[in-house]
Amino acid sequence: MIQVWQTSERGFYDLQERNGESMDMRGNFNADATGHYYFRTVRPKGYSIPMDGPVGDLVHAQGRHGMRPSHIHMLIGAEGHRELVTALYFGDDDYIDSDTVFGVSASLVVAAKQDPNSPIKGLRAVHYDFRLAKAEPGDTGRVGADPTTFMPKAAE
């Protein structure tokens, strides 16, 4: 299962554009038996983190901007493997070398390229191979707290 979320071409997440009234720019995709998948989307736009309040004060005090480069978030999971939460960053973004939250690593930088196998001629594509680690025996593989294992204490 591949869960994807991103900003719109205007640089806003769905919760910012629609005040939580509808979901957009996110989806769940299932890979085939060989682990291949594809989806089509708009190029997300980079954005500024909120620069008011203490976070903005800190960023300004460091003489830095508050921009995040264009990226697509992914949460990937498979039976018997540990979940992976990551993002792919577009290398031609103006802020790729100065992400305000230091989220970019070279191994996650991608470029959209012409794809002769595209179902739509002329459509550029990003190809990236993710690798999941095996889960330890008895481990659910979930990232963070696993809500399926939470059992509230009985009232005393």
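Restrict the check to the stretch 48-59 and report whether at least one residue is within 26 Å of residue 17 (Cβ to Cβ), of a type outside the set (S, T, N, Q), within 18 Å of the chain's Cα centre (by Cα) and at pLDDT below 95.
Within the stretch 48-59, one or more residues are within 26 Å of residue 17 (Cβ to Cβ), of a type outside the set (S, T, N, Q), within 18 Å of the chain's Cα centre (by Cα) and at pLDDT below 95.
Taking the conditions exactly as written (surrounded by 15 or more Cβ atoms within 10 Å (Cβ to Cβ), closer than 24 Å to residue 26 by Cβ and among the hydrophobic types (A, V, I, L, M, F, W, C)), does residue 109 satisfy them or not?
Yes: the conditions hold for residue 109.
If the Cβ limit is 7 Å and pairs must be 6+ apart or interchain, which residue in the stretch 16-41 that is under 15 Å from residue 73 (Cβ atoms) pairs with which residue that is surrounded by 10 or more Cβ atoms within 10 Å (Cβ to Cβ) and among the small types (Gly, Ala, Ser)?
From residues that are under 15 Å from residue 73 (Cβ atoms), the pairs are 25/8; 39/27.
Here is a yes/no grid of residues against (1) of a type in the set (S, T, N, Q); (2) at negative phi; (3) under 20 Å from the mean Cα position of the chain (by Cα); (4) at pLDDT 85 or above:
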{"site": "114", "(1), (2), (3), (4)": "yes, yes, no, yes"}
{"site": "130", "(1), (2), (3), (4)": "no, yes, yes, yes"}
{"site": "134", "(1), (2), (3), (4)": "no, yes, no, yes"}
{"site": "153", "(1), (2), (3), (4)": "no, yes, no, no"}
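Take the conditions over 15 Å from the mean Cα position of the chain (by Cα) and within 30 Å of residue 142 (Cβ to Cβ) and apply them to residue 78. Does it pass?
It is true that residue 78 is over 15 Å from the mean Cα position of the chain (by Cα) and within 30 Å of residue 142 (Cβ to Cβ).
Going through the stretch 55-88 one residue at a time, which ones are of a type in the set (Ser, Thr, Tyr) and over 25 Å from residue 34 (Cα atoms)?
70
Are any residues in the stretch 22-50 part of a loop (DSSP other than H, G, I, E, B) and touching a helix residue (DSSP H, G or I) at 6+ places or on another chain (Cβ under 9 Å), and if so, which ones?
22, 23, 24, 25, 49, 50
As an exercise: evaluate residue 13 against (1) surrounded by fewer than 17 Cβ atoms within 10 Å (Cβ to Cβ); (2) in contact with a Ser or Thr (Cβ under 9 Å, 6 or more places away or on another chain) and give the number of the one condition it does not meet.
Only one criterion in (1) surrounded by fewer than 17 Cβ atoms within 10 Å (Cβ to Cβ); (2) in contact with a Ser or Thr (Cβ under 9 Å, 6 or more places away or on another chain) is unmet by residue 13, namely (1).
Select from the stretch 51-70 the residues that are on the phi < 0 side of the Ramachandran plot, outside any loop (DSSP other than H, G, I, E, B) and of a type outside the set (Asp, Glu) and list them in ascending order. Step through it out loud before you land on a result.
So in the stretch 51-70, the residues on the phi < 0 side of the Ramachandran plot come out as 51-52, 54-62, 64-70.
Now narrow it down to the ones that are outside any loop (DSSP other than H, G, I, E, B): 54-61, 67-68.
Across the stretch 51-70, the qualifying residues are 54, 55, 56, 58, 59, 60, 61, 67, 68.
The values are calculated or read from the model by the stated rules, or taken from the named source; none is laboratory data. Bear in mind the structure is a predicted one, so any value in this text is a computation, not a measurement. Counting neighbours? That spans all protein chains shown, and the Cβs are built from the backbone with ideal geometry, glycine included.
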